[in-house]
1. Lysine pairs in the range 140-203 with Cα distance under 19 Å, only those 8 or more apart or on different chains: how many are there?
2. Take the chain, mark every one of the GluC sites (Glu not before Pro) that falls in a DSSP loop and has at most 11 other Cβ within 10 Å, then report the longest stretch left between them, sites excluded.
3. Can you figure out the FRET efficiency of Glu315 with Val79, using R₀ = 41 Å and their beta-carbon distance, to the nearest 0.05?
4. Could you work out which residue, out of Thr252, Thr83, Thr236, moves most in a Gaussian network model of the chain, that is, has the largest mean-square fluctuation with Cα springs under 10 Å?
5. Say a paramagnetic label sat at a point 7 Å from the Cα of Leu329, along Cα to Cβ; which residues of the range 38-73 have their backbone N under 11 Å from it?
6. Take the Cα pairs of the range 193-306, get the Kirkwood Rh, then feed it into Stokes-Einstein at 37 °C and 0.692 mPa s and tell me D in µm²/s.
7. Suppose each label sits 7 Å from its Cα in the direction of the beta carbon; what would the Asp102-Glu180 distance come out to in nanometres?
8. So, R0 is 45 Å and r is the distance between the beta-carbons of Ser27 and Lys199; what FRET efficiency does that work out to, to 0.05?
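The values are calculated or read from the model by the stated rules, or taken from the named source; none is laboratory data. Quantities reported herein were computed from a predicted structural model and do not represent experimental measurements. So basically every Cβ, Gly included, is an ideal-geometry build from the backbone, and we count neighbours across all protein chains shown. Surface areas here come from the heavy atoms of the whole protein model, side chains and all, with no ligands, DNA or RNA. Shrake-Rupley method; radii C 1.70, N 1.55, O 1.52, S 1.80 Å.
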Amino acid sequence: MSGLDGVEHKTLKVNGINMHVAELPGSGSGGDPIILFIHGFPELWYTWRHQMTALSSLGYRTIAPDLRGYGDTDAPEKVEDYTYFNIVGDLVALIDAVTGGDEAVFVVGHDWGAMIAWQLCMYRPEKVKALVNMSVLFSPRNPDRVPIPTLRRFFGDDYYICRFQKPGEIEAEFKKLGTEKVLKEFLTYKTPGPLYLPKGKLFKSSENGASSALPPWLTQEDLDYYVTNYNNKGFTGPINYYRNIDRNWELTTPWTGAKISVPVKFIVGDQDLTYNSPGAKEYINGGGFKKDVPLLDETVVLKGVGHFLHEESPEEINQHIHSFFQKFL
């Protein structure tokens, strides 16, 4: 884990679970602005290593937890313990623990972490000074469309989110393939289109050798860190987030029509499957995004970059985060 000197690891009791938190102090003089980094799937706190190093050197106190179900954080057994409310509850308790309870923090989210960050801003805007969100756009609740049946109708049963729904099924298939193969496939996926996982043919399309080499931004050492953690923990906790998509839709009925009232910068790669999903570009360019996120400062589309943009183009991402948060210091 090169370049991670000085990272402090601690376990905090938050919202009834033990949460593993990685932290790099800023200037060390106390009173440094805090950035909370929220990872996605299949990531860990470690996905933010480049951001933590760069931004702590610029005077921020950087904090990156393993979310519930991931890494060294507790993984409750029940599927329904992974709703938005549980995870946002964990993060509110974490923010209170690291600030002493009366202070807002800067937030950076990616993938599921971005979805959680949108919810955090919707329920508890007073906890967030400003947000840099990556890859996953805000998705206003549509009262007429239950999400999973809608995705099934649109993309079919082999679409990865649909394949994740049945407890135990995809985990058994992943086990057969091996953790390293599964993580490598997810982390190097750079097709600007939907991800399909047909039963018995997982990741078959990539077996022409093109995927065997790791991209320059992901070393074998990085991959090994992920593999060790996922071997210890398994995939069930992380995949339970997907199993609560319809439950989240039901629970968030009171927020139908709610807007995000926190200053936001949004960044996405033009090769990201999310940016190329139906309606995404229209939502960004047609004014819908700005309407739902009135304090949206800008949307940045990075050319030639895929889903894991903060690892693929760390310097550029670090600069975007710093220049945006500077406005609020």
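1. 16
2. Working: sites that count: Glu77, Glu207.
So the longest stretch without any such site is 78-206.
3. Details: r = 39 Å, r/R0 = 0.96.
About 0.55, to the nearest 0.05.
4. Thr252
5. 55-61
6. Working: Rh = 18.0 Å.
For these conditions, the coefficient is 182 µm²/s.
7. Distance between the two pseudo-spin positions: 5.3 nm.
8. On the way: r = 53 Å, r/R0 = 1.18.
Once the sixth-power term is evaluated, E becomes 0.25.
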